[in-house]
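Structure, as structure tokens:
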Amino acid sequence: MSIEVKNLSYVYMKGTPFERKALEDINIKIDKGEFVGIIGHTGSGKSTLVQHFNGLLKPTTGKVIVNGMDTSGKGLKELRRQVGIVFQYPEHQLFEETVYKDIVFGLKKLGIEGGTMDERIYSTLEIVGLDRSILYKSPFELSGGQKRRVAIAGVLVMEPEIIVLDEPAAGLDPSGRNEIFNFIKKLYMNCKVTVIIVSHNMEEIARLVNRVIVINKGRVEMDGPVKEIFRNTKKLESIGLSAPQVTYLMKELKKIFPGIDDNIHTVEEAKAEILRLLGRRGGDARA
Ligand code: ADP
Ligand code: MG
């Protein structure tokens, strides 16, 4: 199942004095099984873009084709199940008296009920790392990170083939963020889904995805493998973004140790590269 975006432009409140162009001539194709990060400034159009992926927003001009289906057409119910979108601060949409009811809300709307439902719920809880005992609690008794995971579970339980997460860790503390990113990584590795994640945290993007799409002022500014995008620090900086902090550290180190690889974007990779360098020098010293 792929997403094809062709010459997509989107204007909010078209034809009113408040008209605002949010997307301009976007062309991208996301294939089945990709793990894509979408980055860009606040207001660059990331959320507007991803809401086109399940037909929630319709192009002002251009086309969005998902699984061969034009999202401007009718019959989007199945598409809504196939493409699950977790919005920013999804816990704001929890409103039932129990976690159970909140998680099944979307399933029921799709007409999925009965025996298979509970099994799906249990396996989803396992993915997001929540205990079954949480099901009969009120969402309002939970911590921020737990609420967020319940809200995400409500989307995952529909077993979408494409999962879009818009700033999934925004506003959480470091341990809450880690939990979220760990299970997103597991989800991608174990469930054969396509994952699209919107974030403005470069460290997280570098750790997770294979491909990065950079949006700037409603346009696609860069699109490529994570290593290619973050290597180009000058271009990122020219639009007010940056590479992960550790990339800059490696660039500094390269001034002293020309043999070091500075096209590095995660702390893990940096550690391995620094140890490699130290090991070699240690070896040299003993020789
Ligand atoms: P991002 O997710 O990258 O922060 P958005 O897609 O939310 O960006 O917004 C893109 C542009 O569209 C911004 O200029 C924003 O102010 C405008 N915008 C977003 N939502 C609406 C809306 N519901 N009505 C009018 N303008 C909007
Ligand atoms: Mg947004």
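The values are calculated or read from the model by the stated rules, or taken from the named source; none is laboratory data. This is a predicted model, so every value here is computed, not measured. Positions of Cβ are generated from backbone atoms using ideal geometry, with glycine treated the same way; all protein chains shown enter the neighbour counts. What goes into the accessible areas is simple: the full protein's heavy atoms, side chains included, and nothing from ligands, DNA or RNA. Shrake-Rupley method; radii C 1.70, N 1.55, O 1.52, S 1.80 Å.
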Worksheet item: Inside the range 47-73, can you point out the residues that are open to solvent by less than 30 Å² (accessible area, probe 1.4 Å), among the hydrophobic types (A, V, I, L, M, F, W, C) and over 12 Å from I3 (Cβ atoms)?
Response: L57
Worksheet item: Of the numbered conditions (1) open to solvent by less than 80 Å² (accessible area, probe 1.4 Å); (2) in contact (Cβ under 8 Å) with a residue 40 or more places away in the chain, S133 satisfies every one except a single condition; which is it?
Response: (2)
Item to complete: Filter the strands (runs of 3 or more DSSP E) completely within the range 19-69 down to those with at least 1 residues that are in contact with a Ser or Thr (Cβ under 8 Å, 6 or more places away or on another chain), of a type in the set (D, E) and within 16 Å of ligand 2 (Cβ to nearest atom).
Response: none
Discussion item. Here is a list: P59, P90. Which entry is assigned by TED's automatic domain parsing to the domain that holds K32 and within 21 Å of M13 (Cα to Cα)?
Written reply: P59
Discussion item. Quick check on this structure: which one of K185, K108, K147, K101 is open to solvent by 20 Å² or more (accessible area, probe 1.4 Å), assigned to a helix (DSSP H, G or I) and closer than 19 Å to V36 by Cβ?
Written reply: K185
Item to complete: May I ask you to list the residues in the range 1-18 that are part of a strand (DSSP E or B) and within 15 Å of ligand 1 (Cβ to nearest atom)?
Response: V5, L8, S9, Y10, V11, Y12
Worksheet item: Do any residues in the range 151-166 that are at positive phi have Cβ atoms under 8 Å from those of residues that are open to solvent by 10 Å² or more (accessible area, probe 1.4 Å) and away from ligand 2 (no atom under 16 Å from the Cβ), where the two are at least six apart or on different chains, and which pairs are they?
Response: E159/R81; E159/R120
Worksheet item: Under the condition of being under 15 Å from S47 (Cβ atoms) and buried (at least 22 other Cβ atoms within 10 Å of the Cβ), which residue from the range 195-213 is nearest to the chain's Cα centre (by Cα)?
Response: I197
Response to the item:
Here the residues within the range 1-26 that are surrounded by fewer than 14 Cβ atoms within 10 Å (Cβ to Cβ) and either without any contact (Cβ under 8 Å) to a residue 12 or more places away in the chain or touching a Lys or Arg at 6+ places or on another chain (Cβ under 6 Å) (or both) are M13, G15, T16, P17, F18, E19, R20
Fill in: Enumerated helices (runs of 4 or more DSSP H) restricted to the range 218-269, each holding at least 3 residues that are free of Cβ contacts under 8 Å to residues at least 12 places away in the same chain and farther than 22 Å from F35 by Cβ
233-238, 245-256
Item to complete: Report yes if some residue within the range 136-153 is touching a Lys or Arg at 6+ places or on another chain (Cβ under 7 Å) and under 30 Å from E204 (Cα atoms); otherwise report no.
Response: yes
Worksheet, complete the sentence: Over the range 188-243, the set of residues aliphatic (A, V, I, L, M) and more than 26 Å from L172 (Cβ to Cβ) is V220, M222, I239
